[in-house]
Amino acid sequence: MKFTTHTGTHVDAPGHFFDHYFDAGFDVDSLDLDVLNGPGLLVDVPRDKNLTAEVLESLNIPKGVRRVLFRTLNTDRQLMFKKFDTSYVGFMADGAKWLVENTDIKLVGVDYLSVAAFDDIISAHHELLRNREIIPVEGLKLDHVPAGLYSIHCLPLRMVGAEGSPVRCILIK
């Protein structure tokens, strides 16, 4: 097989956007498996919105929830099965910052190839990865799955020195 570490459903390690973290060894192999596995929430995002601070606040995600998967318009448009489209829905920098400062979330899952909206791709990633506490899971297939509470299991390949990895992510009711 020949593909990049950010192919299909995958995780980002802190070194994906921060060279000093990559140089310090904060790669995929250093990700906390306890964060990648456990109870979590699948939520529906208003379909005409990026993930801004206002949208995140309106979702009323309870304190204490550590894993959240965000289903957006990307799922309705089946973007994961089409040519790359820059109009996908994702986190804006203010939404990423709000999530970091106001929730206990450590795993953020989205239904497209980037957690960050195309127009805010660098700054939103920086907000999420800056403190090395949040693990983005990108490229989730969330159609035909009801919103609600699940046991989430995301297992990256054990790739020392990689700043991303394909992952098999499953939800168990």
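General observations
- Members of the stretch 52-87 found to be of a type in the set (D, E, K, R), within 15 Å of residue 141 (Cα to Cα) and not in a loop (DSSP other than H, G, I, E, B), listed by number: 71, 76
- Conditions (1) closer than 18 Å to residue 9 by Cα; (2) surrounded by fewer than 16 Cβ atoms within 10 Å (Cβ to Cβ); (3) within 15 Å of the chain's Cα centre (by Cα): number failed by residue 122: (1)
- Any hit, the stretch 35-42, residues being exposed (fewer than 14 other Cβ atoms within 10 Å of the Cβ), within 17 Å of the chain's Cα centre (by Cα) and not in a helix (DSSP H, G or I): yes
- The stretch 7-24: number of residues that are surrounded by 12 or more Cβ atoms within 10 Å (Cβ to Cβ), out of contact with any His (no Cβ under 8 Å at 6 or more places or on another chain) and either free of Cβ contacts under 8 Å to residues at least 60 places away in the same chain or closer than 19 Å to residue 89 by Cα (or both): 6
- Condition met for residue 97 (surrounded by fewer than 18 Cβ atoms within 10 Å (Cβ to Cβ) and either of a type in the set (Lys, Arg) or without any contact (Cβ under 8 Å) to a residue 12 or more places away in the chain (or both)): no
- Residue in the stretch 162-173 that is open to solvent by 30 Å² or more (accessible area, probe 1.4 Å), in contact with a strand residue (DSSP E or B) (Cβ under 9 Å, 6 or more places away or on another chain), basic (Lys, Arg) and under 18 Å from residue 44 (Cβ atoms) present: yes
- For the stretch 92-135, a tally of residues being in a loop (DSSP other than H, G, I, E, B), closer than 24 Å to residue 151 by Cα and of a type outside the set (Val, Ile, Thr) returns 8.
- Checked against (1) more than 21 Å from residue 171 (Cβ to Cβ); (2) open to solvent by less than 60 Å² (accessible area, probe 1.4 Å), residue 86 passes all but a single condition, namely (2).
- Checking 72, 52 one by one, the residue that is out of contact with any Lys or Arg (no Cβ under 8 Å at 6 or more places or on another chain), among the β-branched types (Val, Ile, Thr) and either open to solvent by less than 70 Å² (accessible area, probe 1.4 Å) or closer than 14 Å to residue 104 by Cα (or both) is 52 and no other.
The values are calculated or read from the model by the stated rules, or taken from the named source; none is laboratory data. As the structure is a computational prediction, the values presented were derived from the model and not from experiment. Here the Cβ is made from the backbone with ideal geometry for all residues, glycine too, and neighbour counts use every protein chain on show. These accessible areas exclude ligands, DNA and RNA; they are computed on the full protein's heavy atoms, side chains included. Shrake-Rupley method; radii C 1.70, N 1.55, O 1.52, S 1.80 Å.
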